[in-house]
Amino acid sequence: MVSFGLTEEQQSLKEIAARFAVDKIRPVAAALDERSEFPSALIKEGHSLGLINLTLPAELGGSGLGLFDACLVIEEIAWGCSGFATSMVANDLALTPIRIGATEDQKKRFLEPVITSGQLASFCLTEPGAGSDAAGLQTTVEDGGDCWILNGSKQWITNAGHASQYTVFATHDRTKRAKGISCFVVPRSTPGIEVGHHENKMGQRCSDTCRVTFDNVRVPKDHLIGAQGEGFKIAMQTLDASRPLTAAIAVGIGRAALEHAVAYSKERKQFGNAISSFQGIQFMLADMATGVEASRMLTWRSAWLLDQGKTASIESSMAKRLSADTAMSVATDAVQIYGGYGYTKEYPVEKLMRDAKLLQIYEGTSQVQRIVIARELLK
Ligand SMILES: Cc1cc2nc3c(=O)[nH]c(=O)nc-3n(C[C@H](O)[C@H](O)[C@H](O)COP(=O)(O)OP(=O)(O)OC[C@H]3O[C@@H](n4cnc5c(N)ncnc54)[C@H](O)[C@@H]3O)c2cc1C
């Protein structure tokens, strides 16, 4: 039987996240954005409420949620501030390769301490010269006898300035592309690691994004996750699992923009009437609401499929693509409905428009999602 109803547990989970977003995140979101400030104290608070490490195993300190339940939480948090939600989701993203590919002993060593202490981790795949074409990454790993030796640079790494541990993808042989890549756990304190400055971004400014450089970084042999050459597969499985969460961030932004636009359109009077009485505005609101609802449905379905243990590359790419593009168009329309006021920092919708743009870029651009969808269709 198909049901769109949430259980009592899911309702209460959603309410805990919503309360945190209303009471703690929303009131400081604009100031964090203005100062481009990482919300360390709020992250700690979120961790103590079990709102971070949502999809990581409960026996290792995570919240042990399925992706569907995690999407409910993430939509609420992103409604409060998507930069905060990105920092949260990036932690799951960094630790998921270990959940997927590590031995039980490695999980105990590399997941439990980070999760239970509330530390952060980063997923290090993208490089200055390898974004959409991740299989073309250039960071090398050499067998140094008693250790692995890493050299190269990673770009746009979320949480990097605050993380204690990095999950790094590096190649043994560039000519082998995907088949030459392995995955490693690298403690931040390892000599030879340099973390760049916090990028001065257009949106999601409270999330921390830096370059990370590895200069002859020596990593113990048992920090290899999965078999040698299996790293790219682990990275792609991780991104498949993460796309519904990223889509849920987009749904949260879209919903926030829609709510602001509805409220403002009822208050703002022109030609002697509230602008909400004009059909031109009503049609915009109707399309915005339809887009947000459709995004949520695709997001829920892709998360549900993955929770059932099914492959959902096409569905999770559809969810990410539609939700990201919808968040951008809904936020842009919200600015339009606010008119000149929407174009200033006095009102919340310009931040939403800046924040939404990132959803079309990270974790695979909207073009890359289309490539994945088309590839599956044409198989
Ligand atoms: C704020 C932020 C946080 C991020 N966090 C992380 C992180 O934590 N970890 C991590 O590893 N990465 C992270 N990323 C990297 C992100 O995933 C990449 O930016 C993204 O994959 C795009 O890569 P690129 O920026 O190199 O763009 P490019 O790959 O250079 O793409 C440029 C343009 O070309 C288009 N394009 C590329 N190839 C094709 C094609 N074959 N067909 C059609 N169009 C194409 C793209 O869609 C895009 O519009 C982050 C990025 C940002 C901006």
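Is there a residue being more than 10 Å from the ligand (Cβ to nearest atom), surrounded by 19 or more Cβ atoms within 10 Å (Cβ to Cβ) and farther than 14 Å from ARG321 by Cβ anywhere in region 355-362?
Yes, because at least one residue in region 355-362 is more than 10 Å from the ligand (Cβ to nearest atom), surrounded by 19 or more Cβ atoms within 10 Å (Cβ to Cβ) and farther than 14 Å from ARG321 by Cβ.
Would you check if ALA170 is within 13 Å of the ligand (Cβ to nearest atom), touching a residue at least 24 places away in the same chain (Cβ under 8 Å), more than 20 Å from the chain's Cα centre (by Cα) and not assigned by TED's automatic domain parsing to the domain that holds ASN53? Reasoning before the result, please.
Details: within 13 Å of the ligand (Cβ to nearest atom): yes; touching a residue at least 24 places away in the same chain (Cβ under 8 Å): yes; more than 20 Å from the chain's Cα centre (by Cα): yes; not assigned by TED's automatic domain parsing to the domain that holds ASN53: yes.
Yes.
Among (1) more than 19 Å from SER117 (Cβ to Cβ); (2) part of a helix (DSSP H, G or I); (3) more than 16 Å from the ligand (Cβ to nearest atom), there is one condition ALA78 misses while meeting the rest; what is its number?
Checking ALA78 against (1) more than 19 Å from SER117 (Cβ to Cβ); (2) part of a helix (DSSP H, G or I); (3) more than 16 Å from the ligand (Cβ to nearest atom), the one that fails is (3).
So which of SER87, SER40, SER36 ends up being under 30 Å from TYR347 (Cα atoms), touching a strand residue (DSSP E or B) at 6+ places or on another chain (Cβ under 9 Å) and modelled with pLDDT of 95 or more? Explain how you work it out, then say what you get.
Working: SER40 fails: touching a strand residue (DSSP E or B) at 6+ places or on another chain (Cβ under 9 Å); SER36 fails: touching a strand residue (DSSP E or B) at 6+ places or on another chain (Cβ under 9 Å).
It is SER87.
Count, please, the residues in region 35-54 that happen to be part of a helix (DSSP H, G or I) and among the hydrophobic types (A, V, I, L, M, F, W, C).
Going residue by residue through region 35-54, those that are part of a helix (DSSP H, G or I) are 35, 40-48.
Pick out the ones that are also among the hydrophobic types (A, V, I, L, M, F, W, C) and you get 41-43.
Residues that pass the stated criteria total 3.
Checking the conditions here, which among ALA294, ALA227 is in a loop (DSSP other than H, G, I, E, B) and either among the aliphatic types (A, V, I, L, M) or not assigned by TED's automatic domain parsing to the domain that holds TRP148 (or both)? Please lay out each step first, then the result.
On the way: ALA294 fails: in a loop (DSSP other than H, G, I, E, B).
From the options ALA294, ALA227, the qualifying one is ALA227.
Output yes when any residue across region 90-102 is among the polar types (S, T, N, Q), closer than 26 Å to PHE169 by Cα and within 14 Å of the ligand (Cβ to nearest atom), and no when none is.
Going through region 90-102, the residues among the polar types (S, T, N, Q) turn out to be 91, 96.
The next check asks that each one be closer than 26 Å to PHE169 by Cα; those that pass are 91, 96.
Adding the requirement that they be within 14 Å of the ligand (Cβ to nearest atom) leaves 91, 96.
Checking region 90-102: at least one residue is among the polar types (S, T, N, Q), closer than 26 Å to PHE169 by Cα and within 14 Å of the ligand (Cβ to nearest atom).
Among the charged types (D, E, K, R) and away from the ligand (no atom under 16 Å from the Cβ): is that true of GLU315 in this structure? If you could, list the steps in order and put the result at the bottom.
Values: among the charged types (D, E, K, R): yes; away from the ligand (no atom under 16 Å from the Cβ): yes.
Yes; evaluated as a whole, the condition is true for this residue.
The values are calculated or read from the model by the stated rules, or taken from the named source; none is laboratory data. What you see is a predicted model, and the numbers here were worked out from it, not measured in a lab. Please note: Cβ atoms are built from the backbone with ideal geometry, for glycine as well, and neighbour counts cover all protein chains shown.
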